[in-house]
Amino acid sequence: MIIAKNIQKTYNNSKVLKGINLQINKAEIVAIVGPSGAGKTTLLQILSTLEKPDRIEGSELTIGQQSPLALKDKKISKFRNNHIGFVFQFHQLLPEFTAIENVCIPAYIGNQNKTSTQKKALELLSFLGVAEKANHKPNQLSGGEQQRVAVARALINQPDIVFADEPSGNLDSESAQNLHDFFFKLRDQYKQTFVIVTHNERLANMADRKLHMKDGILVD
Ligand code: ADP
């Protein structure tokens, strides 16, 4: 699903990523763990095309069948909208829109049909146990519900892969466990692939694979 070779990133003359090689397979849940400042978020942003790595010979990123590093900015945005889902620590739902409207937005951006999008959004909200909150605004939802709506939004365009950065970092332990359980259900039922940066040990230990980062490299 993803192949990354010799990914490096320099900020202000400081090498934050020092040559990352990894492969993520379909229907795999991979956790990235490590101390603060190790480069986890930077790696996630590069793998998800939000950031560009240093231009280095032998550097490579393949997602699905495509090589996003070769795309121009406009095409990268389109690629991202069609192929990649995001879940952040803070849900980042738009406050003036209802839950279902938030879920539909990435599909509307991709010019998808309105009726079928709304049907799919409701199915996803239902799968995630928040269908009855479809017409509520984000501030009328609990933190756990907001994150589940954010997961539905990440899934609406059937992405190849979902990237999550501390998705349960802002949740109480019960809501966190509940959210994590949905990641595994989505993997089992829809073969959804996830790459998750997390400090949550339970989630990291449940993952199919745990990648440890330290000082800009992956360590065993
Ligand atoms: P982690 O997610 O493991 O805590 P990050 O990837 O956020 O680590 O950060 C790794 C290092 O890169 C840190 O020293 C951080 O200060 C630096 N860094 C991250 N993003 C930027 C940026 N946009 N500009 C400059 N330095 C950055």
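The values are calculated or read from the model by the stated rules, or taken from the named source; none is laboratory data. Worth saying up front: this structure is predicted, and the values here are computed from it rather than measured. Positions of Cβ are backbone-derived with ideal geometry, glycine not excepted, and every protein chain shown enters the neighbour counts.
Would you mind stating whether D165 is closer than 22 Å to N102 by Cα and of a type outside the set (A, V, I, L, M)?
Answer is yes for this residue.
Quick test for you: out of I3, I20, I29, pick the one residue that is more than 15 Å from the ligand (Cβ to nearest atom) and under 18 Å from I196 (Cβ atoms).
Unique residue meeting the criteria: I29.
Can you tell me which residues in the range 51-72 are out of contact with any strand residue (DSSP E or B) (no Cβ under 8 Å at 6 or more places or on another chain) and within 13 Å of the ligand (Cβ to nearest atom)?
Across the range 51-72, the qualifying residue is only K52.
Return yes when S48 is surrounded by 21 or more Cβ atoms within 10 Å (Cβ to Cβ), polar (S, T, N, Q) and within 16 Å of the ligand (Cβ to nearest atom) and no when it is not.
Criteria met by S48.
Please enumerate the residues belonging to the range 181-220 that are under 15 Å from A154 (Cβ atoms) and surrounded by 16 or more Cβ atoms within 10 Å (Cβ to Cβ).
Answer for the range 181-220, where residues must be under 15 Å from A154 (Cβ atoms) and surrounded by 16 or more Cβ atoms within 10 Å (Cβ to Cβ): F182, F183, L186, R187, Q192, T193, F194, V195, I196, V197.
Give the number of residues within the range 6-24 that are closer than 16 Å to L61 by Cβ and either of a type in the set (S, T, N, Q) or exposed (fewer than 15 other Cβ atoms within 10 Å of the Cβ) (or both).
So the answer is 4.
One line per residue, one yes/no per condition, for (1) surrounded by 17 or more Cβ atoms within 10 Å (Cβ to Cβ); (2) at positive phi; (3) within 16 Å of the ligand (Cβ to nearest atom); (4) at pLDDT 95 or above:
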{"position": "V33", "(1), (2), (3), (4)": "yes, no, yes, yes"}
{"position": "K74", "(1), (2), (3), (4)": "no, no, no, no"}
{"position": "C104", "(1), (2), (3), (4)": "yes, no, no, yes"}
{"position": "S116", "(1), (2), (3), (4)": "no, no, no, yes"}
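Any idea which residue in the range 51-72 is surrounded by the fewest Cβ atoms within 10 Å (Cβ to Cβ), counting only those that are over 19 Å from K9 (Cβ atoms) and not polar (S, T, N, Q)?
Among them, the one singled out is K72.
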